[in-house]
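First up is the structure itself, then whatever we jot down about it.
Each value in this text was obtained by applying a stated rule to the coordinates, not by laboratory testing. Bear in mind the structure is a predicted one, so any value in this text is a computation, not a measurement. Note that each Cβ is placed from the backbone with ideal geometry, even for glycine, and that neighbours are counted across all protein chains shown.
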Amino acid sequence: MTVQASQAMRVAIFGATSGIATSVARRYAELGARLVLIGRSRESLTAAAMDLTVRGAAEVEVQEADFGNTGDLPRIATSAWLRFDGLDLALIAYGTLPDQQEVEANFAKADQALLLNFVSPALLCGELARHFEASKAGTLAVISSVAGDRGRKSNFVYGAAKGGLQRYLEGLRHRLFAVGVQVLDIRPGFVSTKMTAHLPQGGPLWASPDQVAADIVRAVEKRKEVLYTPWFWRWVMMGVRNVPGPLFHRTSL
Ligand SMILES: NC(=O)c1ccc[n+]([C@@H]2O[C@H](COP(=O)([O-])OP(=O)(O)OC[C@H]3O[C@@H](n4cnc5c(N)ncnc54)[C@H](OP(=O)(O)O)[C@@H]3O)[C@@H](O)[C@H]2O)c1
């Protein structure tokens, strides 16, 4: 039986050109979803829309946005919400991975890192939450990171932003529980995307965007609250969080 376009899942992806988001979008396209792709490059979004249509998406819309302009976020959220007259899933996937030494030395870069990894996604969540709350259904899924689980000298500006986002999602989940809206906090470990292209890769701790996307789709379906992806990061981070301070200070993590 074919799914009527009007019954297909409505998915909005904020930061749709991200490596992880691209793989997630492909999975939903294959399920016949209707997608709104939001990002700052119309050219890349249009190319992605064509790819997703070929893969089976019922309908794909694109919407240009610079998530660094926080004043635009209410309009961006509402416009994505209205594309298909509501959403079943909103995925927030944008972010930047700053160089820790650079952000320690450069105020403007620290400002941008905190803006794009915490302030902007938290404000966008707040806007989307009002729509989800009113519709009493759906999923707000946000990619944070295992880096948010403990402050470490090698990346604590990014880590603090992601940790702040984790707390924000925890509170939002508490608020939206009563109306049955799922708030999913996605915490990937090392994933091979353009964000990490400058790092030495390979080995058991690295995952592909497709592996992570499969976990995300499953977690949405199972209405999970927090997803560590791949799964072993839950245990790795439990270990990292529990190393006593005096010992932790002597590591170079
Ligand atoms: N890769 C990893 O190892 C890893 C691990 C843990 C968590 N994460 C998180 O996973 C999420 C996705 O990352 P990824 O690995 O898929 O990285 P990616 O491929 O580099 O994607 C980053 C995305 O953010 C967008 N973006 C950045 N600044 C923007 C702005 N001002 N306005 C609009 N879009 C902006 C980029 O748009 P453009 O394409 O236009 O540049 C791109 O779509 C991020 O939140 C990241 O922090 C990644």
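Residue by residue, here is whether (1) among the hydrophobic types (A, V, I, L, M, F, W, C); (2) touching a Phe, Trp or Tyr at 6+ places or on another chain (Cβ under 7 Å); (3) surrounded by fewer than 16 Cβ atoms within 10 Å (Cβ to Cβ) holds:
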{"position": "S192", "(1), (2), (3)": "no, yes, no"}
{"position": "P200", "(1), (2), (3)": "no, no, yes"}
{"position": "G203", "(1), (2), (3)": "no, no, yes"}
{"position": "S208", "(1), (2), (3)": "no, no, yes"}
{"position": "V212", "(1), (2), (3)": "yes, no, no"}
{"position": "A219", "(1), (2), (3)": "yes, no, no"}
{"position": "R223", "(1), (2), (3)": "no, no, yes"}
{"position": "V226", "(1), (2), (3)": "yes, no, no"}
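Each row is one residue, and each column tells you yes or no for (1) within 21 Å of V217 (Cα to Cα); (2) more than 15 Å from the chain's Cα centre (by Cα); (3) part of a loop (DSSP other than H, G, I, E, B).
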residue	(1), (2), (3)
A21	yes, no, no
G32	yes, yes, yes
E43	no, yes, no
L52	yes, yes, no
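Residue count for segment 129-150 under the criterion of being within 24 Å of I20 (Cα to Cα) and either without any contact (Cβ under 8 Å) to a residue 60 or more places away in the chain or of a type outside the set (S, T, N, Q) (or both): the result is 14. On the stretch given as segment 236-253, residues that are in a helix (DSSP H, G or I) and exposed (fewer than 10 other Cβ atoms within 10 Å of the Cβ) total 5. Restricting attention to segment 63-85, does a residue exist that is free of Cβ contacts under 8 Å to residues at least 40 places away in the same chain, touching a strand residue (DSSP E or B) at 6+ places or on another chain (Cβ under 6 Å) and within 14 Å of the ligand (Cβ to nearest atom)? Within segment 63-85, one or more residues are free of Cβ contacts under 8 Å to residues at least 40 places away in the same chain, touching a strand residue (DSSP E or B) at 6+ places or on another chain (Cβ under 6 Å) and within 14 Å of the ligand (Cβ to nearest atom). Sort out which residues of segment 192-229 are under 15 Å from the mean Cα position of the chain (by Cα) and of a type in the set (D, E), and write them in order of number. Hits for segment 192-229 are D210, D215, E225.
The numbered conditions (1) within 16 Å of the ligand (Cβ to nearest atom); (2) under 25 Å from F84 (Cα atoms) are all true for V181 except (1).
If you take the residues of segment 158-167 that are within 15 Å of S120 (Cα to Cα) and within 14 Å of the ligand (Cβ to nearest atom), which of them is surrounded by the most Cβ atoms within 10 Å (Cβ to Cβ)? Top of the filtered list is A161.
Test L176 against the criterion of being in contact (Cβ under 8 Å) with a residue 40 or more places away in the chain, under 15 Å from A93 (Cα atoms), more than 12 Å from the ligand (Cβ to nearest atom) and under 22 Å from the mean Cα position of the chain (by Cα), and give yes or no. Against the criterion (in contact (Cβ under 8 Å) with a residue 40 or more places away in the chain, under 15 Å from A93 (Cα atoms), more than 12 Å from the ligand (Cβ to nearest atom) and under 22 Å from the mean Cα position of the chain (by Cα)), L176 does not qualify.
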